[in-house]
Amino acid sequence: AFRSRAFSRSTVQSDVQRIYDVYRRTGRYDVTVEPKTINQPNGRVDLVFEINEGRKATIRAINFVGNRAFGNQRLRDQMTTGETGILSWLRSNDVYDADRLNADQEALRRFYLRNGYADFRVVSARADFDPAANAFTITIEMDEGEQYRFGQVDVESNIRDVSSAELRSAIRTTSGSVYNVELIDKTLEDVTIAVARRGYAFATVRPRGERDASTRTVNVVYVVEEGPRVYVER
């Protein structure tokens, strides 16, 4: 059942801010919220929020600073956030979303790690809003670092009944090829499966990397441990 509460201007302003936050999460940044009170008998008031939703804020431009190895368009292709264009009516990715931008930074990091840039990092990601244009300009500053290749690659088995030689065929990374973190992940998966087929379903596989900046190589050893056994009662 509805229950009236004491009127509080601070609570009203807090509610106004919450409404703003809800709209901004959907890309509407020129929304206006005006609380109004209507006096009623017996010292009561009705509270009404008048809302002008406005238009959705779009992405005017996505700019990159510090990229040398890849052009702007190649990097934009890795992102789900897109610039506003003639086809914007077909999609909704040209609306600013802070969570989406965070995910895009991780997508850029994975892209560089697939292409040998083991030291890559996003220095900053800034979204500047222009109220007059109701649009954002996104600027992503990055430090690419240098491109690395794989140096020595091997597997080290610490399971008595499984030799390292038996597992080398599962290694996807090869000495001299461009460093690729996804191939490391795939190797971890394949070595784990190979060990499980030999009766060690609970073995753990972890990569041990050694980076040499002078030669721009990364030596990788996949270390296999037996791990604790787990038993199923039923």
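Counting only residues that are in contact (Cβ under 8 Å) with a residue 60 or more places away in the chain and buried (at least 17 other Cβ atoms within 10 Å of the Cβ), how many does the range 119-133 have?
Total meeting the criteria: 0.
Is one or more of the residues making up the range 176-189 assigned to a loop (DSSP other than H, G, I, E, B), touching a helix residue (DSSP H, G or I) at 6+ places or on another chain (Cβ under 6 Å) and either charged (D, E, K, R) or crowded, with 18+ Cβ neighbours inside 10 Å (or both)?
yes
If TYR148 satisfies every condition in (1) touching a residue at least 60 places away in the same chain (Cβ under 8 Å); (2) open to solvent by 20 Å² or more (accessible area, probe 1.4 Å) but one, which is the exception?
Answer for TYR148: the failing condition is (2).
So, SER157, is that one touching a residue at least 12 places away in the same chain (Cβ under 8 Å) and within 20 Å of ASP185 (Cα to Cα) or not? Give the derivation first.
Details: touching a residue at least 12 places away in the same chain (Cβ under 8 Å): yes; within 20 Å of ASP185 (Cα to Cα): yes.
Yes; evaluated as a whole, the condition is true for this residue.
Any idea which of (1) in contact with a strand residue (DSSP E or B) (Cβ under 8 Å, 6 or more places away or on another chain); (2) closer than 30 Å to VAL22 by Cα; (3) open to solvent by 70 Å² or more (accessible area, probe 1.4 Å) is the one GLU106 doesn't satisfy?
(1)
Filter the range 190-204 for residues that are part of a loop (DSSP other than H, G, I, E, B), touching an Asp or Glu at 6+ places or on another chain (Cβ under 8 Å) and among the aliphatic types (A, V, I, L, M) and give the result.
Matches in the range 190-204: ALA203 only.
Which fully enclosed strands (runs of 3 or more DSSP E) of the range 10-128 have 2 or more residues being under 24 Å from ILE140 (Cβ atoms)? Step through it out loud before you land on a result.
Numbers: elements: 32-40, 44-52, 58-65.
Result: 58-65.
Determine whether the range 128-140 contains at least one residue that is β-branched (Val, Ile, Thr) and more than 30 Å from TYR96 (Cβ to Cβ). Quick ask: steps written out before the conclusion?
To start, the set of residues in the range 128-140 that are β-branched (Val, Ile, Thr) comprises 137-140.
Subsequent filtering for residues that are more than 30 Å from TYR96 (Cβ to Cβ) retains none.
There is no residue in the range 128-140 that is β-branched (Val, Ile, Thr) and more than 30 Å from TYR96 (Cβ to Cβ).
Got at least one residue in the range 14-21 being of a type in the set (A, V, I, L, M, F, W, C) and farther than 30 Å from ALA132 by Cβ?
Looking through the range 14-21, none of the residues is of a type in the set (A, V, I, L, M, F, W, C) and farther than 30 Å from ALA132 by Cβ.
Under the condition of being in a strand (DSSP E or B) and of a type in the set (S, T, N, Q), which residue from the range 129-165 is nearest to ASN180 (Cα to Cα)?
Taking the candidates together, the pick is GLN152.
Each row is one residue, and each column tells you yes or no for (1) open to solvent by 90 Å² or more (accessible area, probe 1.4 Å); (2) assigned to a strand (DSSP E or B); (3) at pLDDT 95 or above; (4) more than 16 Å from ARG114 (Cβ to Cβ).
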position: ARG168; (1), (2), (3), (4): yes, no, yes, yes
position: ARG206; (1), (2), (3), (4): yes, yes, yes, yes
position: ARG229; (1), (2), (3), (4): yes, no, no, yes
position: VAL232; (1), (2), (3), (4): yes, no, no, yes
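Test TYR222 against the stated conditions and say whether it is open to solvent by less than 40 Å² (accessible area, probe 1.4 Å), within 30 Å of ASN63 (Cα to Cα) and of a type in the set (Phe, Trp, Tyr).
Judged against the criteria, TYR222 is not a match.
When only residues in the range 1-55 that are touching a residue at least 40 places away in the same chain (Cβ under 8 Å) and closer than 30 Å to THR81 by Cα count, which is least open to solvent (accessible area, probe 1.4 Å)?
Step one: of the range 1-55, the residues touching a residue at least 40 places away in the same chain (Cβ under 8 Å) are 4, 7, 25-27, 29-30, 44, 47, 54-55.
When the remaining residues are screened for being closer than 30 Å to THR81 by Cα, the result is 25-27, 29-30, 54-55.
Details: ARG25: 159, THR26: 67, GLY27: 0, TYR29: 57, ASP30: 55, GLY54: 30, ARG55: 138 Å².
Per the criteria, the residue is GLY27.
The values are calculated or read from the model by the stated rules, or taken from the named source; none is laboratory data. These numbers were taken from a predicted model, which means no experiment stands behind them. Methodologically, a virtual Cβ is constructed for each residue, glycine included, from the backbone with ideal geometry; neighbour enumeration extends over all protein chains shown. Accessible surface is based on the protein model in full, side chains and every heavy atom, while ligands, DNA and RNA are left aside. Shrake-Rupley method; radii C 1.70, N 1.55, O 1.52, S 1.80 Å.
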